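The values are calculated or read from the model by the stated rules, or taken from the named source; none is laboratory data. Everything numeric in this text was worked out from a predicted model, so none of it was measured. Glycine also receives a Cβ, built like all others from the backbone with ideal geometry; neighbour counts cover every protein chain displayed. Side chains included, ligands, DNA and RNA excluded: accessible areas come from the protein's heavy atoms. Shrake-Rupley method; radii C 1.70, N 1.55, O 1.52, S 1.80 Å.
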Amino acid sequence: MDESITFLHSSDWQLGMMRRFLGPDGQARWGQARLDAVARIGEVAEQTGAAFVVVTGDVFEHNQVERQTILRACEALKRIPVPVVLLPGNHDALEPGSLWTSSQWQAHAPEHVTVLTETTPFRIAPGVEIVGAPWRSRRPLSDPAAPGYADLAPEPGIVRILLAHGQLTSLSGGMSDVPTIDQTALEAAVADGRLQYVGLGDRHSTTKVTDRIWFSGTQEVTSPEEDAPGNVLKVTIAAGAIEVEPVRVGAWHMVDHRVELFDEESIKALEDWFAELPDKERTYVRLAGDGSLPLPLLSRLDAMIDAQGEVFASVERWAKFWTVRPAPDAADLESLQLSGPARAAMEELRQALAGGDEGAGAALSLMHRLARDAG
Amino acid sequence: MRLHSLALRDFRGVKERIVRFRALGTTVVVGDNEVGKSSLVEAFGLIFELPDDSKSTRIRDIQPVGQDVGPEVSAELSLGGRELTYSKRWLKNRSTELTIVEADGRRQSWTGREAHNEAERLFHEHVDPVLWQTLMVSQGQSLVLPTPADAEPLITAVTAESGTPVDGASMPLVTAVEHEYLRYWTPRGKPTGDYARSAKAVSAAELAAAQALQAMEEVQSDIRRAERLNLDLSDVDTRLSDHLKSVEELRERKKATDEILLRRDSVRSRAETARARLENHTRTRLDRERLLDEVERFTKFEAELATKRADADLVAKTAAETVQAAEAALAEVVELKDLRRTDVQAAERRVSDLMDRAELDRLLGQQTELVDVRARIAAAGTILDRIKVDDAIVAALEDARAAVVEARAALAAGVPEVSVRRLGAEPVELSGTGLDGAVPSELGFDEAAEVLVSGELVIGVPGQLEVTVRAGGEAATLRSRVDDAVRREKDLLKKAGVKDVAAARELLRKADTATAELNEARRTEKSLTAGGDPGERIAVLTARLGPEDDAEEAGKPAVEGVPGQMSLFEEFASPHDTLFDDFDVPEPEADDLAAAQQTLDSAREALAEAERLLSDAEFAVAQARKAADEDRSEAQNARARSELAGERLASAVEALEAARAVLDDDGVSAAETEATAEVEAVLEELTVVQEQADAAGADQVAGELAHALAVAKRLQGERDTLRDALRTTEGRLEQSGRDGLATRRDVADLELAAVRAEHDSLERRAQAARRVYETLSRHRAEAQTKYSEPLQTRIESLGRSVYGPSFKVWLDDDLAVAERELDGIRLRVDALSTGAQEQLAIITRLAISHLVSTGEGSVPVIFDDALGWSDKARLRDMGALLGRAGDHGQIIILTCMPDRYEYVPKATFIKLDA
């Protein structure tokens, strides 16, 4: 190949995925956003003159997604004006009952879309071969990328692109419960000219492994833990050179935020932080909090979080890291001007809380609110 | 507040009236029905409530009917440290005037609406409406127990005394807490509302999620199954393909060996035919040999059996003779045994006779003694029959004798005693009777006679003198008594047949002796006849022993007067020689019972010996008969066997002759030899062909091919089964894909997470609400107990002056009396009698009044017609109570029955006239 070739690399569309923390409305909007991002890939392809688009695995969340998801995915694919090559990943493996062999997919799949079901090289454009290593089972017995390139020999003049799905041995930290991709072997194949680009999927964050080995990351964020989601990779291969450029197509944000809450100032700081966040209706916030607050401030915090929950796609206290406790002081109780049994009851709850009784904290907050409202 | 006076004019039926009340203590306003007592209370209420221009119908109601006048009310009272004079007239000439004198003496006055407003303000400022209503008991309301919880003065007093802050300020909180609690919990603590619904929603979502998960797990299972089936199918396909190749190779080899096998089958067939023929000839030869053998064997056997038959007949005959001899011996022994039995019977009879005779002797002696005893009984009876004296008669005689002596003594003392002595020669003649009978007819010289004259005594000297002495009238009476006594004694002696008492006593002694004799003789007779009358037994024995021989009687002892006695002795002495003729035993003495017994024992031993001989003889006969029977049976068997052997011999000879008629003995042997040679030739040929088949492996090829075909068939079946299973599994997976099961599971999980989050949130809130509610309720209950204590103490203190020390009460949340205990019996107030309820209601109001009396908010206690259900004793106690209560506050009582309150000390009674 004498001229350069540009194509787009994406992965992990996870169409049909659901997120419990978003709620019904957020879930519907987020699901649509994932399809919109696919459509935006089409726009990027058009803008960049990409010859084709490759998607390296987990196009669908499951093999058994509902029909609506398949049909909407097909509609989104139609928005991509160039050939699209899809690789079955671990979520949509080419296993028995696979979506890719189903009548539903085959009846509605756009013609410009090719699903890699074999490891034989596929000529996508003159001088450009795609080799893929589709997952045939969710539990492969060996390196899931190896079948795609193990038997290949260098072929001068041909740009060979390997599409694979799985965690790299170097990035998995040894935590993967399925066989990982041998990075060294991959680099060797790149080095000896058998492969000119390796497009990987499974990792949702855009990740450069080497100049020619990339994880594109998911087209739309799926979790606050992801570093750089929401991109598609524009890959341009010329003779002896390669250029990879992440282009953002995602619109959503998922954010973890840690706060320490102990006085009105810290509450105010949190309010400001919320105020400054962009795209609130497309943002999920997971709050980790520690500290203790007087009852009025605790009520204010609760009210604030409830209100932000209406503004943002979702605001959630991260149960595992939420340890904000009520800290009633004497002034709180005095301000309520309680007397007699009511005062005694509140004092008892206060002492129980001081003794570590968590239930007493909630009761105390409630009683404080009721007393304040009744007064 | 203290009410000092109240004046009414043209108010309902009251033309004009003023009533003054004691500021402290009890005022009893007495008036008949309809006189206007209740109007006082009504008027006081209206003056503060309605302005003088009020259009209320209540104003119209108080205007006297048919009079165009304006009802007017004036009141003097203390209120909040001020003295008020307040008057108001409605309808006609309306006016309102208020004058207030402050504590420092300043005076202020208002008129019109200002006066009304100021009075109203002051009233509401200083009079708690709840307390006012609580302590004012309208007519007919005296049974209603007060519920004063909201009376501020009471609350203030209770709080001050109990030290417990009033919870009134927290009531909105209490209400809010209860409201919050009831959002999540029923009053009985069961989840309700959204909380309960969310729990159900969680359960339903969990079920849906579990079902969706299970469906997905089935999908996963199907995927694994399909993967395994694919692998298995690939493996089976490979194996089947390899196997079909080896099947083809075997088929080629089999074609080459089939010709050899056809030839072998032909030779095998011929060999089978030759072998069958040989077997036929061999069977014929064996049959012939068997017939020859039978003829020889039965001939010999028949001769042996004839000899055995003759021997058996001889043995049977000898046995029959032995039986006859044994039977003859048995007959002899039987006869001997009969003789011995006869001997025993004779000896037994002899012993029996001797024993009877001994018994007869004893009975005869007994009878002699009985005759003697009976003679003694007869003699004693004769004596007793003659004697008519008994203890009673002797006693009567003794009494009669004593009566005679006593009468005589009395006569002697009561009659003149005349002493007569003849002094001279002249005869002195006496006549008449003395007390002791006849007097001497005359006296000799110097003879004297002393005569007790019970009748008349004539003393005469013939020719010279005759003196007649007569006893007086009393003497006659005494005489008569003597005569009666004597007569009675004579009668008794005559009846007893004796001459005097002594004789009677002698006869009585003889009778006792005779009675003793008679009794002893009767006892003897009874003992002699205890075993029955000896005469009867003697007669039986005599009859049994038979008549005596008179010739033998001489010299034998006789029993006089006993018939048959002699013949007995005769028989006893008679010998029975013939009885003992056959025995070799000594002749016993005639009356020697021991000898006779000995004879009997000997006879019995001889009989036993004879019986043993008989038993032996019977055994010998039985044995002989049994042996004879066996020998006879043996002889019959020998005869039968001999005859059977003859028959079988004849049959064997007949069969042999028939067989020879078909083929003689030599022909049979020749045919068998020829068939044997043919078989050997064919087998040799078969061996050759088999060697050829073996060399070509013909038999193995066919087996291997059959086995290979079976394996191929099994593999094909296995492949088809796997294909079917794979198709089925893939069909299910295709369907599960169409159903979007994963999406369904995700949706179910999402739904579950949502409802669970909602429920967790509600759960936290519900638990918080419950915690607050329970904590607050507990503190309120504790406070309530403490809070009600001052009023409870007052009520109990007052109540004990009426009911005694066991009186206790319990208050509810509204400080109302809920239960009362008296003498250990605790009852709800609605279970109390009407009188007790009314008394408790009055006591409670007085206690409340007492509690608030020191505060600013005190008000009068007003009873309009109360204590209608109390008896006299209770009225006395309640009166005393009202008197004490008056020491702390103002009490106004309106009544038409003043006697109910006569026991109220220091009360002021005001009589209202009509």
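If only the Cβ of Lys and Arg carry +1 and only the Cβ of Asp and Glu carry -1, the dipole of chain B around its Cα centre is close to 9680 debye. Excluding residues on the same chain fewer than 8 positions from A:K280, give the lysines whose Cα lies under 20 Å from its Cα. Hits, sequence-local ones excluded: A:K268.
Seen from all sides and averaged, what is the projected area of the convex hull of the Cα atoms in the range B:416-470, in nm²? Provide the component values of the computation, followed by the final result.
Numbers: hull surface 12.3 nm².
Computed as one quarter of the Cα hull surface, the answer is 3.1 nm².
Rounded to the nearest 500, the 222 nm mean residue ellipticity of chain A from helices alone is -10500 deg cm²/dmol, with -39,500 (n - 2.57) taken per DSSP H run of at least 4 residues. A crude spin-label estimate for the pair B:A503 and B:L709, with each label 7 Å from Cα along the Cβ direction, gives 16.8 nm.
Mean partner shielding of peptide B:779-786, defined as the number of other chain Cβ atoms within 10 Å of each residue Cβ, is 3. Solvent-accessible surface of the protein assembly as shown, taken per residue with a 1.4 Å probe and all protein chains present: 51 Å². On the full set of protein chains, 1.4 Å probe, figure out the accessible area of B:K245 and give it in Å² to the nearest 10. Estimated to the nearest 10 Å², B:K245 gives 130 Å².
Dipole orientation for chain B: of the candidates B:V486, B:T342, B:A410, B:A410 has the Cα lying most toward the positive pole (charges on Cβ; Lys, Arg +1; Asp, Glu -1). Just checking the listed ones, A:P24, A:P88, A:P246: in the Gaussian network model of chain A with Cα springs under 10 Å, the one fluctuating most is A:P24. Does the protein assembly as shown classify as rounded, prolate or oblate by the C-alpha gyration tensor (a ≥ b ≥ c root eigenvalues; a/c under 1.5 gives rounded; else a/b over b/c gives prolate, otherwise oblate)? It comes out oblate by the Cα gyration axes. Residues B:K254, B:K713, B:K88, ordered by accessible area of protein heavy atoms at a 1.4 angstrom probe radius and largest first, appear as B:K713, B:K254, B:K88.
Just how large is the dipole of chain A about the Cα centre, in debye to the nearest 20, putting +1 at every Lys and Arg Cβ and -1 at every Asp and Glu Cβ? Don't jump to the answer; show the numbers that get you there.
Values: 33 positive and 54 negative charges, 162 e Å.
Once rounded to the nearest 20, the dipole reads 780 debye.
With no solvent and one point on each alpha carbon, what is the Debye value of log10 I(q)/I(0) for the range B:587-653 at q = 0.11, 0.14, 0.18 Å⁻¹? Values, matching the q order: -0.58, -0.69, -0.81.
With a 10 Å cut-off around each Cβ of A:18-24, the average count of Cβ atoms from other chains is 5.
Considering only DSSP states other than H, G, I, E and B, which GluC sites (Glu not before Pro) in the range B:402-468 qualify as loop sites with at most 13 other Cβ atoms within 10 Å? Display every interim value, and only then the final one.
Values: sites: B:E406, B:E417, B:E429, B:E442, B:E447, B:E450, B:E456, B:E466; in loops: B:E447.
Those satisfying the criteria are B:E447.
In the structure shown, the pairs B:K190/B:K808; B:K255/B:K713; B:K317/B:K626 are assessed against 25 Å; a Cα-Cα span above that value is assigned to B:K190/B:K808. Of all complete DSSP H helices in chain B, those with a Cα span along the helix axis of 30 Å or greater and a mean Kyte-Doolittle hydropathy of -1.0 or more are B:193-386, B:391-414, B:473-496, B:501-528, B:593-662, B:665-696, B:698-739, B:741-787.
Report D for the range A:266-321 in µm² per second (integer): Stokes-Einstein, Kirkwood Rh on Cα pairs, 25 °C, 0.890 mPa s.
On the way: Rh = 11.7 Å.
Approximately 209 µm²/s, per Stokes-Einstein.
The slack in the chain from B:T513 to B:T273, taken as 0.36 nm per residue of separation less the alpha-carbon distance, amounts to 71.7 nm.
Taking the three principal axes of the alpha carbon atoms in chain B, the coordinate ranges are 219, 181, 52 Å, sorted in descending order. Of the residues A:H165, B:H126, the one with the largest accessible area comes first in the ranking B:H126, A:H165, computed with a 1.4 Å probe on protein heavy atoms. Peptide A:342-351 is shielded by partner chain Cβ atoms: per residue, an average of 6 of them sit within 10 Å of its Cβ. Just the protein heavy atoms count here, and of the accessible area of the protein assembly as shown at 1.4 Å, carbon and sulfur take up 50 percent.
With the helix formula -39500 (n - 2.57) applied to DSSP H stretches of n ≥ 4, chain B reaches a computed 222 nm mean residue ellipticity of -23500 deg cm²/dmol.
Given axes a ≥ b ≥ c from the Cα gyration tensor, I'd like to know whether the range A:5-248 is rounded (a/c under 1.5), prolate (a/b larger than b/c) or oblate.
On the way: a/c = 1.43, a/b = 1.32, b/c = 1.09.
Verdict is rounded for the range A:5-248.
Dipole magnitude for the protein assembly as shown: about 9260 debye, using +1 per Lys or Arg Cβ and -1 per Asp or Glu Cβ, origin at the Cα centre. Using 0.36 nm per residue and subtracting the Cα-Cα separation, the extra length available between B:W810 and B:R297 on full extension is 171.4 nm. Across the range A:253-374, how large is the tail of the calculated P(r) beyond 21 Å, expressed as a percent of all Cα pairs? Result for the distance tail: 42 percent. Rolling a 1.4 Å probe over the protein chains gives B:D235 an accessible area of about 80 Å².
Summed over both chains, the accessible area lost when A and B associate is about 3300 Å², using a 1.4 Å probe. Per-residue SASA remark: B:L613, around 70 Å² accessible (1.4 Å probe; ligands, DNA and RNA not included).
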